[in-house]
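Everything below concerns the one structure shown next.
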Amino acid sequence: MKKIITFAGSNSKDSINKQLAVYASTLVKNVEITVLDLNDFELPVYGIDYEKEHGIPDHAHKFLDYINSSDGMIISLAEHNGAYATVFKNLFDWLSRAEAKTFCGKPMLLMATSPGARGGESVLGISSERFPRHDANIIGKFSLPSFNDNFSEGKISNSKLNDQLVEEVKQFQESL
């Protein structure tokens, strides 16, 4: 059975991006899903001096192990001031120091959501540009605008937007 990992680029306990990522993962059929929480991978703020003195933390290696042992990943990134949330950026920095080809060529469904009408489009643009340089195989992208208006009871309530996500998930599944 194929294995996928899913996570949000957020450390919020009530992350709307985690809710979206988990929902999207339930649409993938006949796979083993592992939901990761960035709170379980606490890392010091990246700095070259820290790395020289202490090396790369175990939690960064553990996260890479999840990527390596998966057949694909579903990620939904939180957007803070138009960019990655600090917790994700810090993880990404550590991961890229441990492995330049951070995403190991694994198929990726890349998403974002926010309470606003742009639905995390800025962070999607940044990551779509950056991640392929780290061996990301981005199969599909999805932005969910106005999360509070379009998501309820654990799923997307807007049928047009849900259909768009289902199509992205279908392409992702075919790439596994």
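The values are calculated or read from the model by the stated rules, or taken from the named source; none is laboratory data. None of the values given here were measured: they were computed from a predicted structure. Methodologically, a virtual Cβ is constructed for each residue, glycine included, from the backbone with ideal geometry; neighbour enumeration extends over all protein chains shown.
Annotations for the structure displayed:
- Of the residues screened, Tyr46 is one that is of a type in the set (Phe, Trp, Tyr), farther than 16 Å from Ile138 by Cβ and modelled with pLDDT of 95 or more.
- Ser128 vs. criteria hydroxyl-bearing (Ser, Thr, Tyr), closer than 16 Å to Gly9 by Cα and surrounded by fewer than 16 Cβ atoms within 10 Å (Cβ to Cβ): yes
- Top-ranked residue in the range 3-40 [being part of a helix (DSSP H, G or I) and of a type in the set (A, V, I, L, M); ranked as surrounded by the fewest Cβ atoms within 10 Å (Cβ to Cβ)]: Val22
- Search result, residues across the range 62-75 that are surrounded by 15 or more Cβ atoms within 10 Å (Cβ to Cβ) and not charged (D, E, K, R): Phe63, Leu64, Tyr66, Ile67, Ser70, Gly72, Met73, Ile74, Ile75
- Complete set of residues in the range 56-85 that are under 13 Å from the mean Cα position of the chain (by Cα) and among the polar types (S, T, N, Q): Ser76
- Taking the range 105-176 and the helices (runs of 4 or more DSSP H) fully enclosed by it, the elements with 1 or more residues that are closer than 13 Å to Gly72 by Cβ are at 159-175.
Residue-by-condition table, conditions (1) among the polar types (S, T, N, Q); (2) buried (at least 24 other Cβ atoms within 10 Å of the Cβ); (3) under 21 Å from Leu165 (Cβ atoms):
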residue	(1), (2), (3)
Leu77	no, yes, yes
Asn90	yes, no, no
Pro107	no, no, yes
Gly120	no, yes, yes
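- Selected residue [more than 15 Å from Ser114 (Cα to Cα) and among the basic types (Lys, Arg)] from Lys89, Lys18: Lys89
- Only one entry in Asp93, Asp135 is at pLDDT 95 or above and in contact with a Cys (Cβ under 7 Å, 6 or more places away or on another chain), namely Asp135.
- Residue list for the range 93-105, restricted to those being closer than 24 Å to Gln171 by Cβ and either surrounded by fewer than 19 Cβ atoms within 10 Å (Cβ to Cβ) or touching a Pro at 6+ places or on another chain (Cβ under 6 Å) (or both): Lys101, Cys104, Gly105
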